[in-house]
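Inspection log for the structure reproduced underneath, given as structure tokens.
The values are calculated or read from the model by the stated rules, or taken from the named source; none is laboratory data. Please read all numbers here as calculations on a predicted model, not as lab measurements. Backbone-built Cβ (ideal geometry, glycine too); neighbour counts: all protein chains shown. Note: areas computed on protein heavy atoms with side chains; ligands, DNA, RNA excluded. Shrake-Rupley method; radii C 1.70, N 1.55, O 1.52, S 1.80 Å.
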Amino acid sequence: MNDMTIAVNEANPAGAETRPQPKQGVLDIAPYVPGKSKGSNGKTLHKLSSNETPLGTSQAVSAALSTVTGALELYPDGSASELRDAIGEVYGLNPDRIICGAGSDEILSMLANTYLGPGDEAIYCEHGFLVYEIAIRGAGATPVVAPEKDLTTDVDAILERVTPKTKMVFLANPNNPTGTYLPFAEVKRLHEGLPSNVLLVLDAAYGEYVRRNDYESGIELAATTENVVMTRTFSKIYGLANLRIGWGFGPAHIIDAMNRIRGPFNMSGVAIAAGAAAVRDRTFVADSVEHNEKWLPWVTEELEKLGLTVTPSVGNFVLVHFPDEDGKRAADADAYLLERGCVLRMVGNYGLPNAIRMTIGSEEANRTVVAHLKDFLAQA
């Protein structure tokens, strides 16, 4: 068969029924689209589209990497024991109840593939992380969306949608892209309202940034109940997005079940060593929190001075809403910023077509974006 024949066959819909078919529901999944990395001119001065830290990576990580780069021909530790031990040490947790993966995305997918299947339902919030729907549909289950109230999770709306088919509830706390959060009392109320066979997944990807007395990341519930798992990531405050490191903590029976479907070497030795070093560097984390505590309110206030509406955020980003006027909408602002090398995140795929999410960046990046938006809004 020559190349022309192959091309004809690939383009021929008549032959589609004879080729391998994905299982039901897979083609209903909208592929995840990451934030842009380049400006419209091909250059980027400030990338604030993916909630990455502007502080880089802990120096302790570089030292740790030297211990593994000389043994790349060897398989890594399949249980990631060094990383699990480090996480357990820092958070005061039993390492046997920790599971690690390639970003918290993999942990979320493992949970779905372990506990969901055809005929099951899983609930997530209206403006929740896009990976929830992907994980649910990928497992063959049915996603159920609960509306939010003032861009914040509505516990009653979730509970109203629980049926005998419900097997899982995903809750991002804080939520991305809104930056809002649920107080721990509300999270407990949600848990108490769920049947004991429904798994509550608390996604605390931005938990390290929160400085509210009424917030709890989910460790307490995951430690004391039989149906709660908390997930975390190293992609944000630890500055290790490129290495794809995530972890989950939950009841022993859930971690055991997940480990039975987990790939035997799902994390590289480089990621394991880097993660262990990063989680122990509390000074780096404290510096990151301090930076965010300074610039999150500054960015919020400066954007509000321009007449823009900013959803109150406890994460390392803000959701900015634009006027519904010709030439002033979010898409117009996004194009204006891209031309000037500032890359932010449009969130239309989250059901917020007239808003942009802005990561809290370096001082220069923050001031530059605010200045450009001031000029943008001042245009006739």
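Summary table below
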read-out	value
Checklist (1) under 19 Å from Thr180 (Cβ atoms); (2) within 22 Å of the chain's Cα centre (by Cα); (3) not acidic (Asp, Glu) applied to Leu240, failing item	(1)
Extreme residue, least open to solvent (accessible area, probe 1.4 Å), among residues of the range 264-278 that are touching a helix residue (DSSP H, G or I) at 6+ places or on another chain (Cβ under 9 Å) and part of a loop (DSSP other than H, G, I, E, B)	Met267
Residue in the range 12-19 that is open to solvent by less than 60 Å² (accessible area, probe 1.4 Å), in a loop (DSSP other than H, G, I, E, B) and at pLDDT 75 or above present	no
Residue ranges of helices (runs of 4 or more DSSP H) in the range 64-148 with at least 1 members out of contact with any helix residue (DSSP H, G or I) (no Cβ under 9 Å at 6 or more places or on another chain)	103-115, 130-138
Where Gly207 falls short, out of the listed (1) surrounded by 24 or more Cβ atoms within 10 Å (Cβ to Cβ); (2) out of contact with any Phe, Trp or Tyr (no Cβ under 9 Å at 6 or more places or on another chain)	(2)
Candidate set: the range 310-331, residues that are in contact with a Pro (Cβ under 8 Å, 6 or more places away or on another chain) and assigned to a strand (DSSP E or B); chosen: the one surrounded by the most Cβ atoms within 10 Å (Cβ to Cβ)	Phe317
Search result, residues across the range 134-148 that are in contact with a Phe, Trp or Tyr (Cβ under 7 Å, 6 or more places away or on another chain) and in contact (Cβ under 8 Å) with a residue 24 or more places away in the chain	Ile134
Test: residue in the range 166-182 that is surrounded by fewer than 19 Cβ atoms within 10 Å (Cβ to Cβ) and assigned to a loop (DSSP other than H, G, I, E, B)	no
Residue selected from the range 211-228 under the condition surrounded by 22 or more Cβ atoms within 10 Å (Cβ to Cβ) and touching a helix residue (DSSP H, G or I) at 6+ places or on another chain (Cβ under 6 Å), by the criterion farthest from Ile87 (Cα to Cα)	Val228
Matching residues in the range 241-253 - criterion: being touching a residue at least 60 places away in the same chain (Cβ under 8 Å) and not in a loop (DSSP other than H, G, I, E, B)	Ala241, Gly246, Trp247, Gly248, Phe249, Ala252
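Every residue, every condition in (1) in contact with a Phe, Trp or Tyr (Cβ under 7 Å, 6 or more places away or on another chain); (2) part of a helix (DSSP H, G or I); (3) modelled with pLDDT of 95 or more; (4) open to solvent by 40 Å² or more (accessible area, probe 1.4 Å), yes or no:
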position: Gly307; (1), (2), (3), (4): no, no, yes, yes
position: Ala333; (1), (2), (3), (4): yes, yes, yes, no
position: Tyr336; (1), (2), (3), (4): yes, yes, yes, no
position: Met346; (1), (2), (3), (4): no, no, yes, yes
position: Pro353; (1), (2), (3), (4): no, no, yes, yes
position: Ala365; (1), (2), (3), (4): no, yes, yes, no
position: Val369; (1), (2), (3), (4): no, yes, yes, no
